[in-house]
Amino acid sequence: MKFNIEITRKQRKEIERVLSNWTNYLNSVPPTSEEVKVHRWFGASTSIVKKDEFNKKLKMVIDETRMRLKTARIRDN
């Protein structure tokens with residue numbers, strides 16, 4: 001799969017920071033915790049989800065984003 005993405009160095013640095021924070025979060029979730037409280041992005045309500053399912057999906061997003069970041073071209077802006 002080929003991605004044609006152009007980003008600035010500043011954007012790349014910010015994406016790397018976010019990915020690092022997500023990875024740190026996954027590593028910090030206590031193994032004894034069965035559920036995770038997830039805050040919804042566009043509202044004040046929260047939901048409880050199974051930790052393993054949430055972690056699996058988040059790891060998939062992290063891996064896919066890293067793959068796209070590796071193939072991205074850097075713009076000189």
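The values are calculated or read from the model by the stated rules, or taken from the named source; none is laboratory data. Just so we're clear, the structure is a prediction, and the values are computed from it rather than from any experiment. For neighbour counting, all protein chains shown are included, and Cβ atoms are generated from backbone atoms with ideal geometry for every residue, glycine included.
Criterion applied to ARG40, ARG17 was being of a type in the set (Lys, Arg), modelled with pLDDT of 85 or more and either out of contact with any strand residue (DSSP E or B) (no Cβ under 6 Å at 6 or more places or on another chain) or exposed (fewer than 11 other Cβ atoms within 10 Å of the Cβ) (or both), and the one residue passing it is ARG17.
The residues of region 54-77 that are assigned to a helix (DSSP H, G or I), touching a residue at least 40 places away in the same chain (Cβ under 8 Å) and among the polar types (S, T, N, Q), listed by number, are THR65, THR71.
Residue count for region 65-77, restricted to those that are modelled with pLDDT of 65 or more and loosely packed, with under 11 Cβ neighbours inside 10 Å: 3. Every residue in region 7-21 that is within 11 Å of ALA72 (Cβ to Cβ) and free of Cβ contacts under 8 Å to residues at least 24 places away in the same chain, please. Residue satisfying the conditions is GLN11 alone. Here is a list: LYS50, LYS59. Which entry is modelled with pLDDT of 80 or more, out of contact with any Lys or Arg (no Cβ under 7 Å at 6 or more places or on another chain) and not hydroxyl-bearing (Ser, Thr, Tyr)? The match here is LYS59.
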